[in-house]
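A.B. asks: Have a look at the structure that comes next, please.
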Amino acid sequence: MTMSTVIEIRGITKTYTMGQTDVHALRGIDLTVESGEMIAIMGASGSGKSTLMNILGCLDYPTTGTYRLDDQRVDGLDGNLLADIRNQKIGFVFQAFNLLARTSALENVEAPLLYDRSGKRLDTRRLAAEALTRVGLGDRLEHQPGELSGGQQQRVAVARALVHGPSLLLADEPTGNLDTQTSVEILSLFQELNDQGITVLLVTHEPDISKYAKRIIELRDGLILRDEPVRTRRRCTVNAGTSQGVELVGSAT
């Protein structure tokens, strides 16, 4: 697979004004992400990791600095252009799933396509069904979230993030509401998607979760404290046809 630069940020700062106090969430971040990477962004509460994720996801603006996504300058673009970029290039997965309660899995996954202004995706139900099949829920298309386990709900959320064919997947504490076994299943899914060429950025405060990535970036006080490859990466596989039998395989990078 040919490597290319997906993300390039230089000198990114973010300052919030709270009353008469300036809060410096990011203090000058330089970061390059190549296609096919799987990166864990770590840090304690207040370290700046969520702020960085919001900027990378074009959900917020930096105060200063430059951001290039797929070699396109995106800092300073207006809200409509940023929305188009998000819908074309970025998939989001959140801790809380954020599914519509009385809506089928198929309709939940189809929803982002209904806001696509490009006119390129006409058969939205077929694309949604394909995305659900891709995450192992091809037999749950008509199930509502209340009829699904927590792990299945997160898979629906992953399918929704994938349905428009993004090159970049941003996951914010995606296993935070899941038990250990289900967390491993979701991490296995992220690794499979990464093996297929999708670049994955995973925000987590759990050191064990970060070991499933290829690279760790740790933030503290709005700065990058460390940026290094995972020396012994955990690979996880789930036996077909069952939620049991999780196997962890250590592999040196």
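The values are calculated or read from the model by the stated rules, or taken from the named source; none is laboratory data. What you are looking at is a predicted structure, and each value in this text was computed from that prediction instead of being measured. Cβ sites come from the backbone with ideal geometry, for glycine too, and all protein chains shown count toward neighbours.
A.B. asks: If a residue must be of a type in the set (G, A, S) and either free of Cβ contacts under 8 Å to residues at least 60 places away in the same chain or surrounded by fewer than 22 Cβ atoms within 10 Å (Cβ to Cβ) (or both), how many such residues does segment 152-185 contain? Walk me through it before giving the result.
C.D. replies: Of segment 152-185, the ones of a type in the set (G, A, S) are 157, 159, 161, 165, 167, 171, 176, 183.
Remaining after also requiring either free of Cβ contacts under 8 Å to residues at least 60 places away in the same chain or surrounded by fewer than 22 Cβ atoms within 10 Å (Cβ to Cβ) (or both): 159, 165, 167, 176, 183.
Adding up the residues that qualify gives 5.
A.B. asks: Same structure, new question: For the condition within 14 Å of T15 (Cα to Cα), free of Cβ contacts under 8 Å to residues at least 60 places away in the same chain and surrounded by 20 or more Cβ atoms within 10 Å (Cβ to Cβ), what is the one hit in I29, I55?
C.D. replies: Numbers: I29 fails: free of Cβ contacts under 8 Å to residues at least 60 places away in the same chain.
Answer to the check: I55.
A.B. asks: In segment 80-108, which residue that is among the aliphatic types (A, V, I, L, M) and not in a helix (DSSP H, G or I) is surrounded by the fewest Cβ atoms within 10 Å (Cβ to Cβ)? Step through it out loud before you land on a result.
C.D. replies: So the first thing to find is which residues in segment 80-108 are among the aliphatic types (A, V, I, L, M), and the list is 81-83, 85, 90, 93, 96, 99-101, 105-106.
Retained after the next criterion (residues that are not in a helix (DSSP H, G or I)): 90, 93, 96, 99-101.
Details: I90: 20, V93: 25, A96: 12, L99: 20, L100: 11, A101: 8.
The residue in question is A101.
A.B. asks: Also, quick follow-up: Quick one: in segment 3-26, which of the residues that are at negative phi and without any contact (Cβ under 8 Å) to a residue 12 or more places away in the chain is surrounded by the fewest Cβ atoms within 10 Å (Cβ to Cβ)? Explain how you work it out, then say what you get.
C.D. replies: Keep residues of segment 3-26 that are at negative phi, which gives 3-10, 12-18, 20-26.
Then keep just the ones that are without any contact (Cβ under 8 Å) to a residue 12 or more places away in the chain; that gives 16-18, 20-23.
Numbers: Y16: 11, T17: 8, M18: 7, Q20: 5, T21: 7, D22: 10, V23: 12.
Taking the candidates together, the pick is Q20.
A.B. asks: OK, next. Which members of segment 5-64 meet the condition of being touching a helix residue (DSSP H, G or I) at 6+ places or on another chain (Cβ under 8 Å), over 23 Å from K211 (Cβ atoms) and not in a strand (DSSP E or B)?
C.D. replies: G57, C58, L59, D60, Y61, P62
A.B. asks: Which of the residues that make up segment 55-75 are at pLDDT 95 or above and within 19 Å of D221 (Cα to Cα)?
C.D. replies: Listed by number, the residues that qualify are I55, L56, P62, T63, T64, G65.
A.B. asks: Also, quick follow-up: In segment 200-215, which residues are surrounded by 20 or more Cβ atoms within 10 Å (Cβ to Cβ) and either closer than 18 Å to A159 by Cβ or not polar (S, T, N, Q) (or both)?
C.D. replies: First pass over segment 200-215, keeping only residues surrounded by 20 or more Cβ atoms within 10 Å (Cβ to Cβ): 200-204, 209-210, 212-213.
Matches in segment 200-215: V200, L201, L202, V203, I209, Y212, A213.
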